[in-house]
Each structure stands twice: as C-alpha cells, then as structure tokens.
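These notes concern the structure reproduced below.
The values are calculated or read from the model by the stated rules, or taken from the named source; none is laboratory data. As the structure is a computational prediction, the values presented were derived from the model and not from experiment. Every residue, glycine among them, receives a Cβ derived from its backbone with ideal geometry; neighbour counts consider all protein chains shown. Accessible surface areas use protein heavy atoms only, side chains included; no ligands, DNA or RNA. Shrake-Rupley method; radii C 1.70, N 1.55, O 1.52, S 1.80 Å.
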Amino acid sequence: MPNWEMPIKILALVAVLTGTPAVNAISDQADSLASPDSFAAIADTTARSAALFAELGKVLTHPRCVNCHPAGDRPRQGEEGRPHQPPVARGADGHGLPAMRCSICHQAGNFDPARVPGNPEWHLAPREMAWEGKTLAQICEQIKDPKRNGGRSLEELVHHIGTDSLVGWAWTPGVGRTPAPGTQQIAGALADVWVKTGAVCP
C-alpha cells in the first residue's frame with residue numbers, strides 16, 4: 001500500500017465512527033490562510049502590512065514554493081526539500097539542460113500514477129529569485145526588488161501570486177504532495193492588501 005493511503009483510510013474510518021463527513025475530516029488537516037479582513041483590527045497600518053506578509057509567508061516558505069526557488073541550480077522535491085531525482089540542472093532558461101528538459105518528464109498536468117507533477121509552464125524560478133535558506137524578511141525584501149523578482153512591479157507581483165498558472169499548481173500538486181496553505185485567491189488577496197498598506201516587511 002502506498003504510504004499516503006494509510007492516513008487517508010484512517011481519517012475515513014474516524015469519519016465513519018464519529019459521523020463526520022470524510023471530506024471535512026481530511027480537509028480539516030490542511031493548513032489554512034487567514035483572509036485579509038481578519039487583520040482589519042490591527043489599527044497601525046505598518047503593523048497590519050507586516051502581519052499580512054507574515055500570513056502570506058506561509059505560502060512563500062512552503063515546500064511547494066521553495067522547491068522551485070532553490071538556492072542552487074538543482075530543484076528540490078518532497079516536503080523535506082531533498083535534491084531532485086534524477087539529477088537535473090536549471091539550464092540557461094530555467095527549463096533544464098538541452099539533453100534533459102523539464103518537459104521530458106513534467107507534462108501539461110500532474111501524472112498521479114507515477115507521482116510526477118506537471119504544468120504547461122513547468123520550470124525553475126530564475127537564480128535571482130532563490131528563496132531557499134532565506135528568512136521571511138529576506139524573501140520580503142527580495143520580492144519587492146524588480147532586479148530580484150523577475151522585473152515585476154508590486155502590482156504585477158500581486159497578479160503573479162494571485163493568478164499565475166504555475167504558482168497555482170502549489171494548491172493542486174497531485175497525489176503524495178501537501179498543497180500550499182489556503183487558496184491562490186486568498187494568497188493573491190493577502191498580497192494585494194499588503195501592497196496597498198505599504199508593502200511592509202516583517
């Protein structure tokens with residue numbers, strides 16, 4: 001039995017014995033994101049902005065994001081961020097080396113029978129966007145800097161977080177991988193209000 005099936009079966013059994021719908025029993029185990037509205041009680045705008053980014057940081061520092069923003073030229077895998085197997089390298093454009101392009105294995109969608117993730121835009125973030133090993137404050141300063149965020153303005157950054165298809169994969173990563181907390185919509189909303197409150201770093 002695959003190692004991910006047992007916890008699901010246990011949750012299903014608990015749901016039957018307690019009368020809780022299985023879907024709720026499983027989804028309740030997932031991390032969540034607070035909505036921007038839940039920070040409205042913080043009167044100080046600077047403190048509220050920093051708190052909003054700290055909440056967004058649950059996504060930015062999650063393995064689904066960090067694995068594709070590695071410090072080196074090799075992507076990471078799994079919840080523990082182990083080096084990618086088979087060994088691959090970023091290549092000149094982030095899509096792999098000429099003889100080992102990302103798209104050879106990573107197709108347009110997840111292939112769950114083999115546990116291979118996929119997306120039409122599958123590639124590594126540019127070197128200057130590496131987050132691995134950085135504090136949340138360092139990541140915050142980095143993503144505000146167009147020289148280190150893919151040339152994006154803060155408004156474009158909000159759009160990237162909230163609507164980009166490859167970023168969105170983090171919430172639908174396929175069998176055997178924990179999704180990023182919350183939803184892409186909430187993450188985008190947090191980023192939007194963070195920018196509108198001054199884009200303060202924690």
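What does the charge dipole of segment 74-168 about its Cα centre add up to, to the nearest 20 debye, if the Cβ of each Lys and Arg holds +1 and the Cβ of each Asp and Glu holds -1? Could you put the intermediate results ahead of the total?
Values: 12 positive and 12 negative charges, 71 e Å.
Once rounded to the nearest 20, the dipole reads 340 debye.
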Of the accessible area of segment 43-202, computed with a 1.4 Å probe and all protein chains kept, carbon and sulfur make up a percent value of 58
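Quote the Stokes-Einstein diffusion coefficient, in whole µm² s⁻¹, for segment 51-149, based on the Kirkwood radius over alpha carbon pairs, a temperature of 4 °C and a viscosity of 1.567 mPa s. Don't skip to the answer; put the middle values down first.
On the way: Rh = 14.2 Å.
Estimated via Stokes-Einstein, D reaches 91 µm²/s.
When the helices in the chain are scored as -39500 (n - 2.57) per DSSP H run of 4 or longer and the sum is shared across all residues, what 222 nm value do you end up with, to the nearest 500 deg cm²/dmol? The partial results should precede the final answer.
Values: 8 runs with 76 residues, N = 202.
The per-residue figure over the chain is -11000 deg cm²/dmol.
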Calc'd 3J(HN,Hα), segment 183-196, phi into Karplus 6.51 cos²θ - 1.76 cosθ + 1.60 (θ = phi - 60°), Hz, glycine/Pro = x, comes to 9, 5, 4, 5, 4, x, 5, 4, 4, 5, 6, 4, 5, 5
re the chain: pairs of Cα atoms spaced beyond 23 Å account for a percent value of 49
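Roughly speaking, what is the stretch gain from V175 to R115, that is 0.36 nm per residue apart minus the C-alpha to C-alpha distance, in nm to one decimal?
Answer, rounded to one decimal: 21.0 nm.
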The chain accessible area per residue, 1.4 Å probe, protein heavy atoms, integer Å², reads 54
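Which FRET efficiency, nearest 0.05, do T46 and R74 yield, Cβ-Cβ r, R0 35 Å?
Numbers: r = 38 Å, r/R0 = 1.09.
Approximately 0.35, to the nearest 0.05.
When only Cα pairs under 8 Å and 6 or more residues apart are kept, what is the percent relative contact order across segment 102-157?
22
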Residues whose built amide H sits under 5 Å from the amide H of F111, excluding neighbours closer than 5 in sequence, are V116, G118
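Filter the GluC sites (Glu not before Pro) in segment 131-202 to those in DSSP coil with at most 10 other Cβ atoms within 10 Å of their Cβ, and list the result. It would help to have the intermediate numbers written out before the result.
Values: sites: E132, E141, E155, E156; in loops: E132.
Filter output for segment 131-202: empty list.
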So S103 and R152, fully extended at 0.36 nm per residue minus their Cα-Cα distance, gain in nm 15.1 nm
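Counting pairs of alpha carbon atoms under 8 Å apart in space and at least six apart in sequence, what relative contact order in percent does the chain give?
Working: 301 pairs, mean separation 54.8, N = 202.
After rounding, I find 27 percent.
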Cys in the chain lacking any partner Cβ under 4.7 Å -> C65, C68, C102, C105
